[in-house]
Amino acid sequence: MSHIIDRRLNAKNKSAVNRQRFLQRYREHIKKAVADAMAQRSITDMEQGEKISIPSRDVQEPVFQHGRGGRRENVLPGNKEFVAGDKISRPPPGGTGAGGSEASDQGEGQDDFVFQISQAEFLDFMFDDLALPNLVKRQLSGTTDFTRHRAGYSNHGNPGQLNVVRSMRSAHARRIALTASKRRRLKALEKELQQERENADILYNPKRVSELEEEISRVRDKIQRVPWLDTFDLKYNLHVKHPTPHSKAVMFCLMDVSGSMTQDTKDIAKRFFILLYLFLQRNYEHTELVFIRHHTSAKEVDEHEFFYSRETGGTIVSSALRLMQDIMAERYPADQWNIYGAQASDGDNWNEDSAVCHRLLTESILPKAQYFSYIEITQREHQALWYEYQSVKTRFPELFAMQQITEARDIYPVFRELFHKDIRKQAG
């Protein structure tokens, strides 16, 4: 009998395949745990993964074993309660030591299987079944990274790129080219010398034989002086850098900071923007952010001021949309950028301004944007802005989405609803 011992070194990620199989098998359990975690933890807390608990009964593996075979009937003594065909009821819970509410000195239990998923795996399950509508990369640009590709051979390079086979082939071809005439000359002299020696009995010419031998020696020396390998023969693998195209996207974050927006409402809006930005980063190689705050007037600010400064006053939503339109025209042409907009508000707006918002969206912004989402964070009745936006959604159902959020727990479900994959379109 022969024994084969595998002494190959294991790679660092030797269990990666098994882990992926495990995650795929218990996908539903993990997705539910991730959804529950999103309802409890802050959206900004993406620095870590999550602990997933799976009931032990769900991780048991099926076992195949040999039975005794045939048909057997057993009659056990001492049975006074059941006859053939009766169904045995399940024993009542508790008192068995298997998870009941009362203590017991019998039985044993088994803890649930708990494991940790990484941050990347957490985000994968969080964004599962989601896709940005109209995810069309209009233009590939932003060539900041490069990939190396084979491009033949070169006479110059570093020793690590030396191609031995090509170098030997070049050296052999060079020797053949440089010594071809000499080898023909050597072959003719050797043939003449042989004829002189064969005719020695008839007419022997020692002077001619000596001349031929000297000439043959000189020709052989010339052939031997041709180097076996020259620097000219060295061939190196040539690699050239090709620019790697990147898809570019810009996300406009519009938020109402007027006096009607409470701090809790602003906090919900912040979380929604962060979640949307994380999603955009996973779909585009290069994503830029533009933060626009507004009350009666709009202003482009940095991230810190957008999230943490406080302002009061009335509300004119169209000021933010006008500023977004100006920034798009100045810095983000639609033929080079994938434009996304996200607006958060409590629904308050100057009544006559809502119609202006409708016109700006339908005529200037949506025709150039990939997607625009509006969330209204309020528990009150909808006002004029909501109904104007409903007409926008009717006109642009695939470019505009709107939802209402009442508390922080609604952020993730609303986010999934806004960006859920259209399975019917993919199937078609």
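If I take the Cα coordinates of the stretch 245-427 and project them onto the principal axes, what are the three extents in Å, biggest first?
Reported extents, whole Å, longest axis first: 45, 36, 30.
Among DSSP bridges having both ends in the stretch 245-427, what percentage is antiparallel? Round to the nearest 5.
DSSP beta bridges in the stretch 245-427 are roughly 10 percent antiparallel.
Based on the alpha-carbon set only, what is the convex hull volume of the stretch 210-250 divided per residue, in Å³?
Cα convex hull per residue, to the nearest whole number: 59 Å³.
Give a residue-ordered list of calculated ³J(HN,Hα) values for the stretch 398-410 (Karplus: 6.51 cos²θ - 1.76 cosθ + 1.60, θ = phi - 60°; whole Hz; x for Gly, Pro).
Here the 3J(HN,Hα) series is 9, 10, 10, 9, 8, 8, 10, 10, 10, 8, 4, 5, 7 Hz.
Filter the cross-link list K51/K266; K187/K222; K368/K393; K248/K299; K270/K299 down to pairs whose alpha-carbon distance in this structure exceeds 20 Å.
K51/K266; K248/K299
Can you give the Rg to Rh ratio for the stretch 164-234, taking only C-alpha atoms and Rh from Kirkwood?
1.20
Give me the net charge for the shell around R218: Cβ to Cβ below 14 angstrom, other residues only, Lys and Arg +1, Asp and Glu -1.
With Lys, Arg at +1 and Asp, Glu at -1, the net is 0.
Give me the net charge of L229's neighbourhood, meaning all other residues with Cβ under 13 Å from the Cβ of L229; Lys, Arg count +1, Asp, Glu -1.
Residues close to L229 contribute a combined charge of +3.
Among 163-170, 278-285, 205-212, what's the highest-first ranking by average C-beta atoms within 10 angstrom per residue?
278-285, 163-170, 205-212
Taken together, the values in this text are just the output of simple stated rules run on the coordinates, not laboratory data. None of the values given here were measured: they were computed from a predicted structure. When we count neighbours, we look across all protein chains shown, and the Cβ atoms used for this are built from the backbone with ideal geometry, even at glycine.
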